[in-house]
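Trainee: I am attaching a structure below and will ask some questions about it afterwards.
The values are calculated or read from the model by the stated rules, or taken from the named source; none is laboratory data. These numbers come from a predicted model, not from an experiment. All Cβ positions, even for glycine, are placed from backbone atoms using ideal geometry, and neighbour counts span all protein chains on display.
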Amino acid sequence: MSLRAETPAPPGTRVHRFTRAERWVHRGTAALMGVCVVTAAFLYIPQLAVMVGRRELVVRIHEWAGVALPVPVLLGLASRAFRGDLRFLNRFGPHDRVWLRAALRRDKRHASRPAGKFNAGQKIYAAWIAGASLVMLGTGLLMWFTHLTPLVWRTSATFVHDWLSLTIGVVLAGHIGMALGDPEARQGLRTGTVTEEWAHREHPLWRP
């Protein structure tokens, strides 16, 4: 039997969860996504558009933030830890189905929600936001370079871009709301460590 199993950890013991590179990928992506959402709001909500006035500048900031959005993830691929996390996020096992069933039943007991380093909700969110970001990038480029595509393509791209941006705003609000309700998870992204008690409670199948 390992020493870890024989000797209980002292109260307040912290375990490593994210490397510095992983934390910067999250911060960079969050910052660029925030710029995209805020500038989109100033472009599409008349009351906000009047407050800013310089629409052309807001459009350019929005475009370049959108183009740069994949950059933190691409740079993060140089980190072995980040690539490992991507593999965790891309694996959906039987315990994830158990977690989802408990979530749908609104069963908040930790024992009924088994999770590895990332729970099923986080995996679904990561997959959805990655796919949505790629669609937003593609449709945004079609809208930007208008001379490269037929009018029907640009019209369709505008429709998808506008409605998907609204959906992303709603999903991001939910994501931020979940984060605000879990200070320890936020500290993990800020400092890279979490308490061992939190890790065992929220992610019992994860072995740091």
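Yes or no, residue by residue, for (1) out of contact with any Phe, Trp or Tyr (no Cβ under 8 Å at 6 or more places or on another chain); (2) among the small types (Gly, Ala, Ser):
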| site | (1), (2) |
| --- | --- |
| Val38 | yes, no |
| Phe42 | yes, no |
| Val50 | yes, no |
| Arg54 | yes, no |
| Val58 | no, no |
| Leu69 | yes, no |
| Ser79 | yes, yes |
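Trainee: Is it the case, given these coordinates, that Leu172 is surrounded by 14 or more Cβ atoms within 10 Å (Cβ to Cβ) and under 22 Å from the mean Cα position of the chain (by Cα)?
Mentor: Values: surrounded by 14 or more Cβ atoms within 10 Å (Cβ to Cβ): yes; under 22 Å from the mean Cα position of the chain (by Cα): yes.
For Leu172, the condition - surrounded by 14 or more Cβ atoms within 10 Å (Cβ to Cβ) and under 22 Å from the mean Cα position of the chain (by Cα) - is met.
Trainee: Condition check: of a type outside the set (S, T, N, Q), part of a helix (DSSP H, G or I), touching a His at 6+ places or on another chain (Cβ under 7 Å) and over 21 Å from Arg109 (Cα atoms). Does Leu164 satisfy that? Full working, then the answer.
Mentor: Working: of a type outside the set (S, T, N, Q): yes; part of a helix (DSSP H, G or I): yes; touching a His at 6+ places or on another chain (Cβ under 7 Å): no; over 21 Å from Arg109 (Cα atoms): yes.
Answer is no for this residue.
Trainee: Considering (1) under 19 Å from the mean Cα position of the chain (by Cα); (2) surrounded by 13 or more Cβ atoms within 10 Å (Cβ to Cβ); (3) within 21 Å of Trp99 (Cβ to Cβ); (4) not aliphatic (A, V, I, L, M), say which one Trp198 fails and leave the rest.
Mentor: Only one criterion is unmet by Trp198, namely (1).
Trainee: Suppose we filter Arg186, Arg154 for residues that are without any contact (Cβ under 8 Å) to a residue 40 or more places away in the chain, farther than 24 Å from Thr29 by Cα and surrounded by 12 or more Cβ atoms within 10 Å (Cβ to Cβ); which single one remains? Before the answer, list the steps.
Mentor: Details: Arg186 fails: farther than 24 Å from Thr29 by Cα.
From the options Arg186, Arg154, the qualifying one is Arg154.
Table: residues versus (1) within 19 Å of Ala130 (Cα to Cα); (2) loosely packed, with under 12 Cβ neighbours inside 10 Å; (3) in contact with a helix residue (DSSP H, G or I) (Cβ under 8 Å, 6 or more places away or on another chain).
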site: Ala21; (1), (2), (3): yes, no, yes
site: Leu43; (1), (2), (3): no, no, yes
site: Arg60; (1), (2), (3): no, no, no
site: Arg87; (1), (2), (3): yes, yes, no
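Trainee: Among the candidates Ala5, Ala21, single out the residue that is more than 17 Å from the chain's Cα centre (by Cα) and either at pLDDT below 90 or hydrophobic (A, V, I, L, M, F, W, C) (or both).
Mentor: Among Ala5, Ala21, only Ala5 is more than 17 Å from the chain's Cα centre (by Cα) and either at pLDDT below 90 or hydrophobic (A, V, I, L, M, F, W, C) (or both).
Trainee: Among the listed residues Ala115, Ala111, Ala120, Ala102, which satisfies the condition of being buried (at least 18 other Cβ atoms within 10 Å of the Cβ) and more than 19 Å from the chain's Cα centre (by Cα)?
Mentor: Of the residues listed, the single one that is buried (at least 18 other Cβ atoms within 10 Å of the Cβ) and more than 19 Å from the chain's Cα centre (by Cα) is Ala102.
Trainee: Related question: Is it the case that region 122-132 has a residue that's assigned to a helix (DSSP H, G or I), at negative phi, in contact (Cβ under 8 Å) with a residue 24 or more places away in the chain and aromatic (Phe, Trp, Tyr)?
Mentor: yes
Trainee: Additional query: I'd like the full set of residues that are free of Cβ contacts under 8 Å to residues at least 60 places away in the same chain, in a loop (DSSP other than H, G, I, E, B) and under 19 Å from the mean Cα position of the chain (by Cα), limited to region 39-77.
Mentor: If the condition is that a residue be free of Cβ contacts under 8 Å to residues at least 60 places away in the same chain, in a loop (DSSP other than H, G, I, E, B) and under 19 Å from the mean Cα position of the chain (by Cα), then Leu77 is the only one that fits.
Trainee: May I pose another question? Any idea how many residues of region 123-137 are surrounded by 13 or more Cβ atoms within 10 Å (Cβ to Cβ) and closer than 14 Å to Leu69 by Cβ?
Mentor: 7
Trainee: How many residues are surrounded by 13 or more Cβ atoms within 10 Å (Cβ to Cβ) and of a type in the set (S, T, N, Q) if we restrict to region 89-99?
Mentor: Here the count works out to 0.
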